[in-house]
Amino acid sequence: MLTKPILTLDDAKLIAAAAETEALANCWGVVIAIVDDGGNLLYLQRKHDTQFGSVETAIMKAKAAVAFKRPTKSSEDAVLSGRLIHLALPGVIPADGGIPILRDDVVIGGIGVSGVRSFQDGQIAGAGVAAYK
């Protein structure tokens, strides 16, 4: 029987706390979403004054990172370099801020951040993932 690592709620809280620390250190209000390896929402937090439109965006970034097994920044970079086919792929979010979460080189979930500029969302998400490693 095969076994695989999983992302637990405690893992998600640890990742989100590190991401929140990065956001607060920069006075950025964001939504932080953590999904499991199937793209199912495991944890979500929104700073009280962050626009509510960022809730779905953060979730979609996390799901895209899991679905494509790469950061959403790769699609942003592709679109910016003229590869517009990325805009037609289902579930693609061509904006930084979605990063897959790995354990033993296996995608076990994803983080999505939305609320500030794209590269800032990516910085926050990166801080969350870095704390997990």
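The values are calculated or read from the model by the stated rules, or taken from the named source; none is laboratory data. Worth saying up front: this structure is predicted, and the values here are computed from it rather than measured. Positions of Cβ are backbone-derived with ideal geometry, glycine not excepted, and every protein chain shown enters the neighbour counts.
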Regarding SER81, is this residue under 12 Å from the mean Cα position of the chain (by Cα) and more than 29 Å from LYS4 (Cα to Cα)? no
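Among what's in region 11-30 and is of a type in the set (Val, Ile, Thr) and under 14 Å from the mean Cα position of the chain (by Cα), pick the residue that is nearest to ALA130 (Cα to Cα). Outline the logic, then answer.
Keep residues of region 11-30 that are of a type in the set (Val, Ile, Thr), which gives 15, 21, 30.
Filter once more, so that each one left must be under 14 Å from the mean Cα position of the chain (by Cα): 15, 30.
Numbers: ILE15: 8, VAL30: 18 Å.
If we take residues in region 11-30 being of a type in the set (Val, Ile, Thr) and under 14 Å from the mean Cα position of the chain (by Cα), then ILE15 is nearest to ALA130 (Cα to Cα).
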Restricting to region 40-58, give me the number of residues that are in contact with a Leu (Cβ under 9 Å, 6 or more places away or on another chain) and of a type in the set (A, V, I, L, M). 3
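For region 48-63, which residues satisfy the criterion of being within 14 Å of GLY110 (Cβ to Cβ) and either free of Cβ contacts under 8 Å to residues at least 40 places away in the same chain or basic (Lys, Arg) (or both)? Let's see the steps before the verdict.
Start the filter on region 48-63 by keeping residues that are within 14 Å of GLY110 (Cβ to Cβ), which leaves 57-63.
Across region 48-63, the qualifying residues are LYS61, LYS63.
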Cβ pairs under 6 Å, 6+ apart or interchain, first in region 68-83 and in contact (Cβ under 8 Å) with a residue 12 or more places away in the chain and surrounded by 12 or more Cβ atoms within 10 Å (Cβ to Cβ), second among the acidic types (Asp, Glu) and outside any helix (DSSP H, G or I), ordered by first then second residue, are LYS73/ASP96; GLU76/ASP96
State yes or no: is ILE93 surrounded by fewer than 16 Cβ atoms within 10 Å (Cβ to Cβ), aliphatic (A, V, I, L, M), over 15 Å from ILE15 (Cα atoms) and modelled with pLDDT under 95? no
Pairs returned, first residue in region 1-12 that is touching a residue at least 24 places away in the same chain (Cβ under 8 Å), second residue that is assigned to a loop (DSSP other than H, G, I, E, B) and exposed (fewer than 12 other Cβ atoms within 10 Å of the Cβ), beta-carbon separation under 7 angstrom, 6 or more apart or interchain, are PRO5/ASP104
For the list (1) touching a strand residue (DSSP E or B) at 6+ places or on another chain (Cβ under 9 Å); (2) crowded, with 19+ Cβ neighbours inside 10 Å, I need the number of the one condition that LEU41 fails. (2)
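Look through ILE99, ILE111 and report the one residue that is surrounded by 24 or more Cβ atoms within 10 Å (Cβ to Cβ), in contact with a strand residue (DSSP E or B) (Cβ under 9 Å, 6 or more places away or on another chain) and touching a residue at least 60 places away in the same chain (Cβ under 8 Å).
Details: ILE99 fails: touching a residue at least 60 places away in the same chain (Cβ under 8 Å).
The conditions single out ILE111.
Does ALA125 qualify as being of a type in the set (A, V, I, L, M, F, W, C), outside any strand (DSSP E or B) and surrounded by 20 or more Cβ atoms within 10 Å (Cβ to Cβ)?
Details: of a type in the set (A, V, I, L, M, F, W, C): yes; outside any strand (DSSP E or B): yes; surrounded by 20 or more Cβ atoms within 10 Å (Cβ to Cβ): yes.
So ALA125 passes the test.
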